[in-house]
Number of protein chains: 2
Amino acid sequence: EIVQALIKKAPEAKQDWQGKTFIITAGPTREAIDPVRYISNHSSGKMGYALAEAAAHAGAKVILVSGPTQLPTPTGVQRVDVETTEQMLNAVQQQLPNCDVFIGCAAVSDYRVAEVASQKIKKEQNNQPPQLKLVQNPDILQQVASSEKPPFTVGFAAETENLKANALRKLERKQLQMIVANDVSQVGLGFNSDSNNAIILSKDSEQSLPTMSKHDMAIAIIDAIAKRYFNTTAN
Amino acid sequence: EIVQALIKKAPEAKQDWQGKTFIITAGPTREAIDPVRYISNHSSGKMGYALAEAAAHAGAKVILVSGPTQLPTPTGVQRVDVETTEQMLNAVQQQLPNCDVFIGCAAVSDYRVAEVASQKIKKEQNNQPPQLKLVQNPDILQQVASSEKPPFTVGFAAETENLKANALRKLERKQLQMIVANDVSQVGLGFNSDSNNAIILSKDSEQSLPTMSKHDMAIAIIDAIAKRYFNTTAN
């Protein structure tokens, strides 16, 4: 049964997160090709930083594990800087034993280059353009959700097609408590933008968030987590 | 014969660039893999922006063709934003007929992905990680230097090994008037740093610049260009 919650109701459900610890990942990761080149993506980190700020504001201890961004650390937030997906996983695992809520908001590289060149690849030394052999990176969200004592685990799905269906598959496959799905193909929204719209999905609920600032969306998402978290742990 | 010019002497050689037009490329380029992922490099654009500022300050009209950076446009500089190497080449070619000095400071992607995916590549739809087939990008510097009426053309060589030898080969192969070689393997210098050291090389001269701010280095490079440019065109 799907409950259509209205965003207007969310602020009433605000909870005090005092004594709880969030780990939030944010930004892109970068996977080296050689010492100067890398593979990355268009994530600015704004959504993850806004979530860290909102959770800290709601009283939580917040550890922000961040890929390379140009953003200042929100007040009261403890930030750990990483570059690659593997570094991000390590940083998350170190903090995981004391984590109550994990939000995987980083746009992690699903793949990394199989063999990183130790010196800059020079085109004049190659008759043919090099083929980049990729290997799959560890899945941070899945590893957190399937850890021994998993925290309340929230994922993000940035999709360019079949938004809800792709997000629901990800929720189920990775055994998440919640997933925030947004369509990054819309111009002016999502990646690198200050605004966003999204659907918050869980096993049995769905909440549509209209276009709003990432600041306001972060507050709505932390509220949505609170509603479920405090219900779930009270059972 | 190699003339070892000292940086202390450079300011005396300052020339008035009034009436002359510079095109300066700066920053990285980005080559899409799919709508969210791309290949790029660690260039911050700082050196190119400092050069644009120094040339404008010395009286030149400056067109800055810039890849994605986080930097403000220097005062008096006309900026054209691009993302890919091909876009950068197009922007340069449009401005080229009125160009007196071209400085290729951008860290352009030598390669782009052969087939850009129109939708986000989803790892669960691929049993095997994808192979990225790359193709060579056009060589902006070479095309400028071999154009019908080439401007005074200055290249940059960011190397991780065999600095001077690699830079001299690039100078000759691309028929440049000057090349600025810097070692990007040194921690705290070059890419994304505020300081740099470099060797300015031409067919018959060599000038070592010690570690200095990119602002000061830009002034030294514009001075070095002036010395050669006004000698050459006076012949």
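Quick one: is B:Asp110 modelled with pLDDT of 90 or more and of a type outside the set (Gly, Ala, Ser)?
no
Could we say that B:Thr29 is within 12 Å of chain A (Cβ to nearest Cβ), over 23 Å from A:Arg112 (Cα atoms) and within 15 Å of the chain's Cα centre (by Cα) here?
For B:Thr29, the condition - within 12 Å of chain A (Cβ to nearest Cβ), over 23 Å from A:Arg112 (Cα atoms) and within 15 Å of the chain's Cα centre (by Cα) - is not met.
Would the stretch A:200-214 turn up any residue that is within 12 Å of chain B (Cβ to nearest Cβ), more than 23 Å from A:Val101 (Cα to Cα) and part of a strand (DSSP E or B)?
No, the stretch A:200-214 contains no residue that is within 12 Å of chain B (Cβ to nearest Cβ), more than 23 Å from A:Val101 (Cα to Cα) and part of a strand (DSSP E or B).
Of everything in the stretch A:138-171, what is within 14 Å of B:Lys123 (Cα to Cα), assigned to a loop (DSSP other than H, G, I, E, B) and more than 9 Å from every other protein chain (Cβ to nearest Cβ)? Give them in sequence order.
Across the stretch A:138-171, the qualifying residue is only A:Pro138.
Could you say which residue among A:Ile103, A:Ile121, A:Ile63 is within 13 Å of chain B (Cβ to nearest Cβ) and of a type in the set (A, V, I, L, M)?
So the residue among A:Ile103, A:Ile121, A:Ile63 that is within 13 Å of chain B (Cβ to nearest Cβ) and of a type in the set (A, V, I, L, M) is A:Ile121.
So which residues in the stretch B:40-79 are surrounded by fewer than 24 Cβ atoms within 10 Å (Cβ to Cβ), among the β-branched types (Val, Ile, Thr) and in contact with a Leu (Cβ under 9 Å, 6 or more places away or on another chain)?
B:Thr73, B:Val77
Determine which member of the set A:Ala107, A:Ala114 is within 20 Å of A:Asn41 (Cα to Cα), hydrophobic (A, V, I, L, M, F, W, C) and crowded, with 22+ Cβ neighbours inside 10 Å.
A:Ala107
Which residue, of A:Gln87, A:Gln93, is within 17 Å of A:Gln142 (Cβ to Cβ) and either surrounded by fewer than 24 Cβ atoms within 10 Å (Cβ to Cβ) or of a type in the set (Val, Ile, Thr) (or both)?
Selected residue: A:Gln93, the only one of A:Gln87, A:Gln93 that is within 17 Å of A:Gln142 (Cβ to Cβ) and either surrounded by fewer than 24 Cβ atoms within 10 Å (Cβ to Cβ) or of a type in the set (Val, Ile, Thr) (or both).
Could you tell me whether the stretch A:131-141 includes any residue that is under 16 Å from the mean Cα position of the chain (by Cα), surrounded by 15 or more Cβ atoms within 10 Å (Cβ to Cβ) and either under 30 Å from B:Gln136 (Cβ atoms) or free of Cβ contacts under 8 Å to residues at least 12 places away in the same chain (or both)?
Yes, the stretch A:131-141 contains a residue that is under 16 Å from the mean Cα position of the chain (by Cα), surrounded by 15 or more Cβ atoms within 10 Å (Cβ to Cβ) and either under 30 Å from B:Gln136 (Cβ atoms) or free of Cβ contacts under 8 Å to residues at least 12 places away in the same chain (or both).
Only residues that are touching a residue at least 40 places away in the same chain (Cβ under 8 Å) and among the aliphatic types (A, V, I, L, M): list them for the stretch B:146-182, please.
Result: B:Val154, B:Ala158, B:Met178, B:Val180.
Between B:Ala26, B:Ala50, which is touching a Cys at 6+ places or on another chain (Cβ under 6 Å) and modelled with pLDDT of 95 or more?
Only one candidate passes the filter, namely B:Ala26.
Go through the stretch A:124-137 and give me each residue that's within 8 Å of another protein chain (Cβ to nearest Cβ), within 21 Å of A:Thr84 (Cβ to Cβ) and in a loop (DSSP other than H, G, I, E, B).
The one that is within 8 Å of another protein chain (Cβ to nearest Cβ), within 21 Å of A:Thr84 (Cβ to Cβ) and in a loop (DSSP other than H, G, I, E, B): A:Pro130.
The values are calculated or read from the model by the stated rules, or taken from the named source; none is laboratory data. This structure is a prediction, so every number in the text was calculated from the model and none was measured. Note: ideal-geometry Cβ built from the backbone for every residue, glycine included; neighbour counts use all protein chains shown.
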